[in-house]
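Student: Structure provided below as structure tokens; questions to follow.
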Amino acid sequence: MSHTLVDFHCHLDLYRDYETVYKKCCRDKVEVLAVTTTPRAWAKNVELAADSANIRVALGLHPQLVAEGVDELVLFRNLLHKAKYVGEVGLDASPRYFRSFELQKKAFEGVLRACCQEGGKILSLHSVRCVGEVLRMLETFLPQNKGTAVFHWFTGNASEAKRAVQLGCYFSINSEMLKSEQRRNLVVSLPRERLLTETDGPFTITAGRPSSPTDVIFSLKTLAMLLKMDVETVKSLISLNLQRLEG
Ligand code: MN
């Protein structure tokens, strides 16, 4: 793998023109983790990615959707042996989803236990307003030698970041994480060898339209400035981090 762009958290199947987006990713040779929000979406995404060596499909169970179907955990477990990548999974304690928080924890525990049992999975984690709880559950249910977690859109504080680093976690950085000085300072404090990039498209906006995977170039440019490195060097750093993560 040469030094290509990396979008380690993108919902390729949630774009209106998802078939075109899939084809474009394949053509652009961006290294993409196509996360899903429900295990029901798994098969379709695997089919769409079938011809592209640069698109990985993750088996997901999004915390914001847990309230609508807990029995999806059964399907998740049944498909897990086929998946190396898991996501989007995690917890969401924002007001809109807080009512389902206990249910979310049950589902996430099930996800982590299943991943631990099979071993070797790479997870893309959602942790809105509950980084501490996500860390606690990781520490409890997924020992470091049983899998690797990547915090997507990390919003924790410095001590939570330190805990995540100690757990062997990576961080996929998107444009929203680079917008305020406070968030930038946190990003700069992370170990460079744990950094990845992501768009979380189509849920972030670039130039007035939903971000697409190649838009990680804008985050790379900002990272280059913050880390006082040139863009090509940051690009190769991220690319090498991905290779190490994937072993
Ligand atoms: Mn997402």
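Rule-based calculations on the coordinates, nothing more; no lab input. Worth saying up front: this structure is predicted, and the values here are computed from it rather than measured. Heads up, the Cβs are rebuilt from the backbone with ideal geometry, glycines too, and the neighbour counts pull from every protein chain shown.
Student: List the residue pairs whose Cβ atoms are under 6 Å apart, where the first residue sits in the range 151-172 and is free of Cβ contacts under 8 Å to residues at least 40 places away in the same chain and among the small types (Gly, Ala, Ser), the second is part of a helix (DSSP H, G or I) and away from the ligand (no atom under 16 Å from the Cβ), and the two are 6 or more positions apart or on different chains.
Tutor: Pairs that qualify, where the first residue is free of Cβ contacts under 8 Å to residues at least 40 places away in the same chain and among the small types (Gly, Ala, Ser) and the partner is part of a helix (DSSP H, G or I) and away from the ligand (no atom under 16 Å from the Cβ), are GLY168/GLN144.
Student: Can you pull out the residues in the range 178-216 that are in contact (Cβ under 8 Å) with a residue 40 or more places away in the chain, among the aliphatic types (A, V, I, L, M) and within 25 Å of GLU246 (Cα to Cα)?
Tutor: Within the range 178-216, LEU195, LEU196, VAL216 meet the criteria.
Let's see how each residue does on (1) in contact with a helix residue (DSSP H, G or I) (Cβ under 9 Å, 6 or more places away or on another chain); (2) within 15 Å of the ligand (Cβ to nearest atom):
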| residue | (1), (2) |
| --- | --- |
| LEU79 | yes, no |
| VAL89 | yes, yes |
| GLU102 | no, no |
| VAL111 | yes, no |
| ALA114 | yes, no |
| GLY119 | yes, no |
| HIS126 | yes, yes |
| ALA164 | yes, no |
